[in-house]
Amino acid sequence: MNIMELMERSKDAATVKRVFGEPIQQGDVVVIPVARVAQGGGGGQGQGRGEKNEEGTGSGGGFGLSATPAGVYVLKDGDAHWRPAVDVNRIVLAGQIVAVVLLLTLRSLIKKRGRKR
């Protein structure tokens, strides 16, 4: 399979159906799930001779697809409301980063204060 075929097939992976899920209806409420979808690809090719008169060749390729929940649209009584998804892992990671930066800052301040005495 060549690189152009791979890229053409990858277009099918990032459709609106991947971003907006099938609506779910419960009574008079409709919920439409939404996801963040990102894709990327790369490729390469080569021919000709190598550096030491070796016969040249080449190949390459790659593709990545990522989808994470973004939230839902809630449709009720003719109104649409956005309800974002909460990524607890991201919140915890941000808290840990803030804590480490705070500790390192306090450590440097204590060291400076100790040197002045």
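Numbers at a glance
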item	result
Residues satisfying the stated conditions in segment 65-117, i.e. among the charged types (D, E, K, R) and either free of Cβ contacts under 8 Å to residues at least 12 places away in the same chain or more than 25 Å from residue 24 (Cβ to Cβ) (or both)	79, 90, 107, 111, 112, 113, 115, 116, 117
Tally, over segment 52-107, of residues that are loosely packed, with under 10 Cβ neighbours inside 10 Å, closer than 30 Å to residue 32 by Cβ and acidic (Asp, Glu)	2
Some residue of segment 22-39 being surrounded by 12 or more Cβ atoms within 10 Å (Cβ to Cβ) and at pLDDT below 75	no
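The values are calculated or read from the model by the stated rules, or taken from the named source; none is laboratory data. These numbers come from a predicted model, not from an experiment. Every residue, glycine as well, gets a Cβ built from its backbone with ideal geometry; the counts of neighbours run over all protein chains shown.
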